[in-house]
Each structure stands twice: as structure tokens, then as C-alpha cells.
Amino acid sequence: MFKGLVKLLNNMLTKGQAEKIREDSAIDDKTLSLVFSALSDPGRLQILKILMKHRDVCVSDVANVLNVSVPAASRHLSILESSGLVEKVRMGQSTCFRVLENNQTIKSVIKVLEKVENQ
């Protein structure tokens, strides 16, 4: 019985380990929450798919493809940008966007979307 108790205590996390896991989890949870919230809208999901296939797509082009106003497309793109999925790129007088491919969370999201698209 004593050996079992010692084994159980040896497997428990220290206070420092628990705190580290809590901090890491909070960061990941916040990031994922923003990403899933941004992609919960069908229009934003469609925009992300467009940006995955075509680099540097301008706001006016997104508006034309989705058949929405430029302000509506711009708002969707701003939400995607604030969630960390895309970045804004100025091209002359136009504002364009591209997927942030260097982020591990985004890579995972893209991988899932590509898998779903290929089924």
C-alpha cells in the first residue's frame, strides 16, 4: 500500500508544472477561441479558403467574389486579421490580404481545411 501511495505522489505535478500547463493552455485556448470564432461565419470561412488558394487578394476582389459590399468584405477580413489568420498587405492604393502561413495554429487549420476539401 505504501509503495502505491509513493508511486501516486511521484506522478503528481509540482505546483510549478501545474502553473506552466495552465499558462500554456490559456494562451492556446485564447488563440483557438479567436480562430474558431472567426471561422464560424460561412463568409469568413470562404474568404480564408480563397486566400489559401490565391495569394494577396484585395478587398474589392473578395467583395466581387462573394457578391457583397466592399465594407462588408473589409469587415470580414479585419476579423480574420484580428484572429491572426491573415495579414494586411498594401499594394499601391489597394489593400490586400494573405494567409499567415508561418503560425503553427494556422498551419493546422489549413491542413484540416485542405483535408476536408479533398474528401
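No lab work stands behind these numbers, since they all come straight from the coordinates. On a predicted model such as this, the values are computed, not experimentally measured, just so you know.
For every helix of n ≥ 4 consecutive DSSP H residues, a contribution of -39,500 (n - 2.57) applies; sum these over the chain, divide by its total residues, and give [θ] at 222 nm rounded to the nearest 500 deg cm²/dmol.
Values: 6 runs with 82 residues, N = 119.
Computed mean residue ellipticity for the chain: -22000 deg cm²/dmol.
What's the tally of Lys pairs in the range 11-117 whose alpha-carbon atoms lie under 21 angstrom apart, where the two lysines are 8 or more places apart or on different chains?
Step by step, the pairs that qualify in the range 11-117 add up to 13.
How big is the gap, in Å, between the Cα center of the range 36-70 and the Cα center of the range 75-119?
Here the answer is 9 Å between Cα centres.
Beyond 23 Å, what percent of the Cα pairs of the chain remain?
Details: 3070 of 7021 pairs.
So the portion of pairs separated by more than 23 Å is 44 percent.
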